[in-house]
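Worksheet for the structure shown next.
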Amino acid sequence: MAAFSESDTLKRVKPSPTLAVTAKARELARQGKKVISLGAGEPDFDTPENICDAAVKAIKRGETRYTDVDGIPELKAAICEKFKRENGLDYKTTQVHVAPGGKPVIYNAMMASLNPGDEVVIPAPYWVSYPDMVLLAGGTPVFAVGEMSTGFKLLPETLEAAITPKTKWLILNSPSNPSGAAYTGAELKALGEVLKRHPQVWILTDDMYEHLTFDNFEYTTIAQVVPELYDRTLTMNGVSKAYSMTGWRIGYAAGPEPLIKAMQKIESQSTSNPCSIAQWAAVEALNGPQDFIAERAAIFQKRRDLVVAMLNNAKGIHCPTPEGAFYVYPTIKDLIGKQAPSGKIINSDEDFAGELLQQEEVAVVHGAAFGLSPFFRISYATSEAVLTEACSRIQRFCASLK
Ligand SMILES: Cc1ncc(COP(=O)(O)O)c(C=O)c1O
């Protein structure tokens, strides 16, 4: 029997490092360790009752068959209404794509548009899946670093330097996973000025964390503040984070019709339609009461403040205060070269995360996974009690480094 061999495409791709950290933490927990995992990126809240009820009703009504490949008309209409209501953006239902999660939306867009040699500008630190999805689709990721000193944001001059005649896409993500950085309207306009000079560049804006912003941050998205880019922008969003529906698997995007049609073609030959029941639940999510979103964001803001304060009290850590999402991205620059009680020298953020897990049983994700070192990411989508315990352990760990 011939041994299994991976495809050449797959050889270029690495498995998700955030899922790997969660798996490692689970394994230690199985061994009886009291592990606190701050690795996973999902809200700890339940899906609201009205959304669950809508799903049950859909089952009882018999909404259990194949649907239109890229979404039922009712959900597409609810998405158009959402974009109008919340973002001031006009889209027709023919401009809308629905897929089993935000992740496949991005994947479909890359598969539908990239040829070998096409470049995709990805601001770092980035969500772990962007580069690998670009590679899977045959494209080339080009990284543009946003430094901590400028809030981890992509600056216009950095964007300008990253663009070449081969650039097909810029992927924007605001608020960002992993840094929590969110772009103001003025910052998006400044990036827009650069993009206007490069008409070959399309923009994919990943607005997944739109509803998780703090301190009265005024959220905007690029097609809204730079209307000249509307015709080459794919505005992507989903119900996973805002509505605590990670397991339901519904993501969506709106953009120019030819791109949407091409994405539908990919979906028709891969996943087919997203779950019919989850689609009806998403209709209720988008059309139903929205007040709980702000209430939950306020809870996340309190947790952010707790975590930022406690981490800034850990020896050698500096933690900036992010505008949104549920992540912080502190630096461990001052801890590089220190020695842990085990004898291990901390030479990288990966060493830091590894030793922290071994010594204090706290799982975090090292910054190298997100393309910017030496940092680590904490997901604070868990209770204040757990966060307090985790941050105390991190403080103890940092104090033990010599
Ligand atoms: C920035 C960002 N985009 C997209 C997604 C994917 O969302 P979904 O779970 O709907 O596929 C995530 C999930 O972690 C994310 O952090």
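The values are calculated or read from the model by the stated rules, or taken from the named source; none is laboratory data. As the structure is a prediction and not an experimental result, all values here were calculated from the model. Quick reminder, even Gly has a Cβ in these numbers, built from the backbone with ideal geometry, and neighbours come from all protein chains shown. Each accessible area value is taken on the protein alone, full model and side chains, heavy atoms only, with ligands, DNA and RNA left out. Shrake-Rupley method; radii C 1.70, N 1.55, O 1.52, S 1.80 Å.
Here are the numbers for the structure shown:
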item	result
Residue count for region 350-402, restricted to those that are closer than 16 Å to Asn177 by Cα and over 24 Å from the mean Cα position of the chain (by Cα)	0
Region 21-43, residues that are aliphatic (A, V, I, L, M) and out of contact with any strand residue (DSSP E or B) (no Cβ under 9 Å at 6 or more places or on another chain)	Ala23
Residue satisfying condition, being within 24 Å of Thr18 (Cβ to Cβ), free of Cβ contacts under 8 Å to residues at least 60 places away in the same chain, in the same structural domain as Asn177 (by TED's automatic domain parsing) and open to solvent by 20 Å² or more (accessible area, probe 1.4 Å), within set Pro116, Pro141	Pro141
Filter result (farther than 17 Å from Pro156 by Cα and within 16 Å of the ligand (Cβ to nearest atom)) within region 195-228	Asp206, Asp207, Met208, Tyr209, Glu210, His211, Leu212, Thr213, Tyr219
Qualifying residue in region 257-270 (condition: of a type in the set (Asp, Glu) and more than 15 Å from the ligand (Cβ to nearest atom))	yes
